[in-house]
Amino acid sequence: MSFDFDTVVNRDGLNTAKWDVKPGELPMWVADMDFVVAPCIVEAVQARAAQPCYGYNETSDAWRQAVAEWWHTRHGWKIAADEIQFCIGVVPAISSLVRSLSDEGGKVLIQAPVYNHFYSSIRNSGREVLSSDLAYDGCRYQIDWDDLEQKMSDPRVGLFVLCNPHNPTGQVWSAADLARIGRLAVDNGVIVVSDEIHCDITDPDVNYTPFAVAAPHCPAVICISPTKTFSIPGLATSAVVVPDQHLRQLVTDSLNRDEIGEPNSFAQAAAIAAFTQGGPWTDEMRAYVKANKDAATNAMRALGLHVVPGQATYLMWVDCESLVGASGDTTAFCQFLRNQTGLFVSNGAQYGGPRFFRINVGCPRSLVDDGMARLAKGIAAWRNAPCLAAPEAPHSS
């Protein structure tokens with residue numbers, strides 16, 4: 001490989017959310033990679049920092065061009081420059097859009113299990129969460145079309161927040177699935193907000209379809225960003241793309257009203273470098289993450305856990321029925337695991353999948369191996385702890 005993905009960076013003392021843990025703990029929870037950032041981004045930030053005036057900034061044509069070219073070249077989506085608006089982050093954008101594109105006291109549709117901030121963005125805005133739960137067959141997830149159609153037709157639903165690709169399951173939705181969602185939305189007068197922040201982190205030779213490509217006639221807002229792909233969320237840089245002109249004005253007003261549409265001094269420089277020079281780094285990262293996922297999958301299978309197959313993200317969604325039972329909750333197990341071994345993973349209840357946990361393998365391989373060893377130790381201790389492990393299933397007669 002041309003780039004360094006093996007070095008373990010010491011992030012102690014940097015006030016990082018992920019690594020604000022006790023000494024000896026291994027955080028594999030929040031969606032924040034631990035790789036050395038792509039050299040082109042480091043150089044761009046350093047060059048901007050060398051110009052010692054950090055005042056207010058305006059969105060540049062160079063930034064819009066870089067965003068448009070990346071999605072055209074890598075994902076086949078032609079975006080006009082005037083369709084692209086800057087935002088400080090995808091979560092702030094979603095929260096703003098929920099407030100501006102849905103009715104107070106109304107319902108916002110999601111598909112659980114899903115990224116936990118979808119719930120908080122909706123509830124904190126005075127709206128009601130309505131979930132058309134993804135159907136799980138014990139192996140993988142798919143859309144429950146009958147349920148989605150029924151809930152999309154609820155007159156109190158005016159907004160659907162989609163996760164494409166899906167976090168936490170890693171599902172890459174097909175163009176046909178996205179087009180069908182778009183038709184349902186149009187038929188029911190529902191606006192779609194599509195969170196596509198993980199779109200570049202797919203397995204090698206796997207491509208995602210932008211919702212706007214699959215459903216061009218559906219009024220939609222697409223939220224994209226370099227922050228997950230290049231692990232730069234601390235630089236607060238993302239884009240909101242709105243092909244529909246009328247909807248675009250509503251979105252512009254919303255971002256401006258909430259004061260989240262102005263870039264900081266480093267946001268555009270980092271994004272431009274990522275989108276114009278970061279392709280080779282991204283491709284090597286994808287291959288490295290896929291190898292990490294394969295190794296972790298094999299290790300967890302050997303421990304009696306089922307890893308839901310997913311072709312996107314560096315996050316793994318793990319079924320713990322063997323530990324907590326079919327209707328169990330991993331909250332206690334995850335806390336036990338952290339207490340006993342220092343391994344910090346995310347319990348599934350916060351995403352709407354109580355018997356699962358989510359683990360982040362976007363890190364040097366040595367940390368993945370360490371995490372799997374800690375997980376094995378924790379599971380052994382859990383199974384030997386009285387009154388903690390799941391009861392054995394009754395034997396069939």
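The values are calculated or read from the model by the stated rules, or taken from the named source; none is laboratory data. What you see is a predicted model; the values in this text were computed from it and never measured. FYI the Cβ positions are ideal-geometry reconstructions off the backbone, even for glycines, and counts take in every protein chain you see. Just so you know, the surface numbers come from the protein's heavy atoms only, side chains and all, with ligands and any DNA or RNA stripped out. Shrake-Rupley method; radii C 1.70, N 1.55, O 1.52, S 1.80 Å.
Observations, loosely collected:
- Selection within the stretch 196-244 - closer than 30 Å to Ala49 by Cβ and more than 16 Å from the chain's Cα centre (by Cα): Leu235, Val241
- Residues located in the stretch 10-55, provided they are assigned to a loop (DSSP other than H, G, I, E, B), of a type in the set (A, V, I, L, M), touching a Leu at 6+ places or on another chain (Cβ under 8 Å) and over 24 Å from Pro263 (Cα atoms): Met28
- Filter result for Cys334 (out of contact with any strand residue (DSSP E or B) (no Cβ under 7 Å at 6 or more places or on another chain), at pLDDT 95 or above and surrounded by 22 or more Cβ atoms within 10 Å (Cβ to Cβ)): no
- Within the stretch 245-269, if we keep just the residues that are assigned to a helix (DSSP H, G or I), more than 20 Å from the chain's Cα centre (by Cα) and of a type in the set (Gly, Ala, Ser), the residue that is nearest to Val361 (Cα to Cα) turns out to be Ala269.
- Hits in the stretch 59-71 (condition: open to solvent by 50 Å² or more (accessible area, probe 1.4 Å) and without any contact (Cβ under 8 Å) to a residue 24 or more places away in the chain): Asp61, Arg64, Gln65
- When the stretch 197-209 is filtered for residues that are of a type in the set (Asp, Glu) and buried (at least 24 other Cβ atoms within 10 Å of the Cβ), only Asp200 remains.
- Failed criterion for Pro309 (all others in (1) open to solvent by 30 Å² or more (accessible area, probe 1.4 Å); (2) over 18 Å from Asp205 (Cα atoms); (3) out of contact with any helix residue (DSSP H, G or I) (no Cβ under 7 Å at 6 or more places or on another chain); (4) not in a helix (DSSP H, G or I) hold): (2)
- Selection of the stretch 356-386 for residues being part of a loop (DSSP other than H, G, I, E, B), buried (at least 22 other Cβ atoms within 10 Å of the Cβ) and out of contact with any Lys or Arg (no Cβ under 8 Å at 6 or more places or on another chain) yields Gly362, Cys363.
- Residue satisfying condition, being within 26 Å of Phe266 (Cα to Cα) and at pLDDT 95 or above, within set Ala80, Ala112: Ala80
- Val240 vs. criteria in contact with a strand residue (DSSP E or B) (Cβ under 9 Å, 6 or more places away or on another chain) and either open to solvent by less than 30 Å² (accessible area, probe 1.4 Å) or touching a residue at least 60 places away in the same chain (Cβ under 8 Å) (or both): yes
- Scanning the stretch 150-204 for residues that are in a strand (DSSP E or B) and in contact (Cβ under 8 Å) with a residue 60 or more places away in the chain, we see that the one that is farthest from Pro216 (Cα to Cα) is Thr202.
- Across the stretch 105-123, not a single residue is classified as open to solvent by 50 Å² or more (accessible area, probe 1.4 Å) and in a loop (DSSP other than H, G, I, E, B).
- Count of the stretch 89-100 residues which are within 16 Å of Pro219 (Cβ to Cβ), open to solvent by 20 Å² or more (accessible area, probe 1.4 Å) and in contact with a strand residue (DSSP E or B) (Cβ under 9 Å, 6 or more places away or on another chain): 0
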